Protein chains: 2
Amino acid sequence: MAVRTIEVRERVMAKNDELAASVRERLQSAEIAAFNLVSSPGSGKTTLLERTLDTLGEELGVAVITGDVQTQNDADRIAKHTTRLVQAVVTGGACHLDARQISTALDALDLDETRLLFIENVGNLVCPASWSLGEEAKIVVFSVTEGEDKPLKYPKMFRESRYAILNKIDLLPHVPFDVDRALGYARDVNPDLQFFLTSALTGDGLDPWFAFLRSRILSGNPA
Amino acid sequence: MAVRTIEVRERVMAKNDELAASVRERLQSAEIAAFNLVSSPGSGKTTLLERTLDTLGEELGVAVITGDVQTQNDADRIAKHTTRLVQAVVTGGACHLDARQISTALDALDLDETRLLFIENVGNLVCPASWSLGEEAKIVVFSVTEGEDKPLKYPKMFRESRYAILNKIDLLPHVPFDVDRALGYARDVNPDLQFFLTSALTGDGLDPWFAFLRSRILSGNPA
């Protein structure tokens, strides 16, 4: 029984990796930088995307694919901040997006007008770590209200990510949270992580994030 | 391929339900009330358990089983607040606990000395909703920093829960969060939910929670 489960799972994952490779090729040939935003529920991914679209949406040709278990709430929120189509994927209970869903969503987007693509994954620090979506990099978002130990408790997600955004820094005066300890834990798990400290709500710390995104575009080939 | 996956999944779930039924029988015959605490990462489950053990640990004979993906951090934290064994289950990547793990964990606990059992599930608002652990009820914990819409976005978890704890109410002055709207969304999804509003950090709102737990014990048979 256990063996059968593992076999099936391996075949599903292998198929996903194949599809992710073809998504990656498609994005690269269209010269689109794609970031897969992962986090626990309520860490502020959607607010960060709203802010990012307000500032860079037109300048960088930003498109968004949202993944939600049941609703299109995030897509509806984000759609108010862009004139482009926001492609919503409802996973129907699954705890992550997969490459097939991204491939289908890309069909609906105007890739010629897109230079930067955000994929807002399902709020979940476990499942999405295992599923490649053909993205340039995963970006893990965590917030100062979640406690410093999240990188230790969900190490795979922090290892699979190239960037980490520590969000809700406006709440630091009100919560027991040691920033240095949290970043230290994250570096223990993944020494190559690059950090952004932000408050998507107040706008604090967003300038380095915007500069980073501009640099990913200016560098031409996002790979 | 898809059909094969679904078949295997159904057999795994059916086997889990069988094991959960036997766990439930075992807990009932030992007259132990068992609650399965579910939430997103960082909502405050562990702090709530620390507080609960400090106040009720000896009085109610409280035992704890913790589930974590990789670490035993939560078990180590909780162990400082009780003289009893805290049973840690490391899921090794899985996004939820299952009934077999609980059955094994029960073997290590002194059931004669236990009247109340908390199972602290993996921080995840998706997967644990589908896995019965033989518990009396699931209790979903969410916090005012996560946004009001979590019940709508993770409806299965709120439907499967009989109780909901809205935590971190000490942060209400500092975050954009409408309590009535959040509770309304939760009731839309599950009209039978019973709520507790707490700050596990400051202790606000814990008295009704403690009274509830005492009532579950005093009522004798927890079913």
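Structure notes:
- In sequence order, calculated HN-Hα J values of segment B:73-89 (Karplus, 6.51, -1.76, 1.60; Hz; x Gly/Pro): 3, 5, 4, 5, 4, 5, 4, 6, 10, 7, 8, 7, 5, 9, 8, 9, 10
- HN-Hα J in Hz across segment B:192-203 - Karplus 6.51, -1.76, 1.60, θ = phi - 60°, x for Gly and Pro: 8, 4, 10, 10, 10, 10, 9, 10, 4, 5, 8, x
- A DSSP coil position with no more than 16 other Cβ atoms inside 10 Å describes the following GluC sites (Glu not before Pro) in segment B:5-38: B:E31.
- Of B:V189, B:P176, B:G42, farthest towards positive along the dipole that unit charges on Lys, Arg, Asp, Glu beta carbons give segment B:32-217: B:V189
- Furthest towards positive pole of dipole, B:T66, B:C95, B:P208, structure part chain B, Cβ charges: B:C95
- Most mobile of B:G57, B:G203, B:G123 in a GNM of chain B (Cα contacts under 10 Å): B:G203
- Dipole axis of chain B (+1 Lys, Arg; -1 Asp, Glu on Cβ), positive-most option in B:A33, B:M13, B:S132: B:M13
- Each Lys and Arg contributes +1 and each Asp and Glu -1, all at the Cβ; summed about the Cα centre of segment B:110-223, the dipole is approximately 280 debye.
- Between the beta carbons of B:F195 and B:E31, assuming R0 = 22 Å, the FRET efficiency works out to 0.25 to the nearest 0.05.
- Helical runs (DSSP H, four residues minimum) scored at -39500 (n - 2.57) apiece and divided by the length of chain A put the mean residue ellipticity at 222 nm at -12500 deg cm²/dmol.
- Dimensions of chain A based on its C-alpha atoms, expressed as ranges along the principal axes with the largest first, amount to 48, 46, 33 Å.
- Remark: the protein assembly as shown is approximated by an ellipsoid whose semi-axes, taken from the C-alpha gyration tensor as √(5λ), come to 38, 25, 19 Å, largest first.
- Rounded to the nearest 20 debye, dipole of segment B:32-217 from Cβ charges on Lys, Arg, Asp, Glu: 340 debye
- Inter-label distance for B:K80 and A:R162, nm, one decimal - labels placed 7 Å from Cα along Cα-to-Cβ: 3.8 nm
- Comparing A:G67, A:G44, A:G147 in a Gaussian network model of chain A (Cα springs below 10 Å), the most mobile by mean-square fluctuation is A:G147.
- Shortest-first nm distances, A:D178 label point to equivalent points in other copies (7 Å, Cα→Cβ): 4.0
- Per-residue HN-Hα couplings for segment B:150-157 [Karplus 6.51, -1.76, 1.60; θ = phi - 60°; Hz; x = Gly/Pro]: 4, x, 6, 7, 10, x, 4, 5
- Where N is the number of residues in segment A:122-174, Cα Rg divided by 2.2 N^0.38 Å: 1.19
- With R₀ set to 41 Å, the beta-carbon distance separating A:Q72 from A:A211 gives a calculated FRET efficiency near 0.85.
- Interchain or long-range residues, amide H under 5 Å from A:I119's placed H: A:F35, A:N36, A:L37, A:I65
- Amide hydrogen proximity for B:F195: with H placed 1.01 Å from N in the peptide plane, the residues at 5 or more positions away or on another chain lying under 5 Å are B:A164.
- Shown here: segment B:159-223, whose C-alpha atoms stretch 42, 29, 14 Å along the first, second and third principal axes, sorted largest to smallest.
- Label 7 Å beyond Cα on the Cβ vector: A:F210 copy-to-copy distances, nm: 5.0
- Computing FRET efficiency as 1/(1 + (r/R0)^6) for B:T104 and A:T202, where r is the C-beta to C-beta distance and R0 is 35 Å, gives about 0.15.
- Amide H within-cut-off set for A:T114, under 5 Å, with H built and near neighbours excluded: none
- Net charge, B:D180 excluded, C-beta distance under 14 Å - Lys, Arg +1, Asp, Glu -1: -2
- Charges were assigned to the Cβ only: +1 to each Lys and Arg, -1 to each Asp and Glu. The resulting dipole of the protein assembly as shown about its Cα centre is roughly 660 debye.
- Annotation: the residues A:L56, B:L125, sorted from fewest to most other C-beta atoms within 10 Å of their own C-beta, follow the order A:L56, B:L125.
- Label-point distances for A:D112 to the equivalent site in the other copies, using a point 7 angstrom along Cα→C-beta, read 8.0 nm when ranked shortest first.
- Partnerless cysteines, meaning none of the other Cys C-beta atoms lie under 4.7 Å away, in the protein assembly as shown: none
- Each of B:M13, B:M157 was scored by other Cβ atoms within 10 Å of its Cβ. Listed from fewest to most, they are B:M13, B:M157.
Where a number appears in this text, it was derived from the coordinates with a stated rule and is not lab data. No experiment lies behind these values; they were computed from the predicted model shown. With ideal geometry, Cβ positions are generated from the backbone for all residues, glycine too; neighbour counts draw on all protein chains shown.
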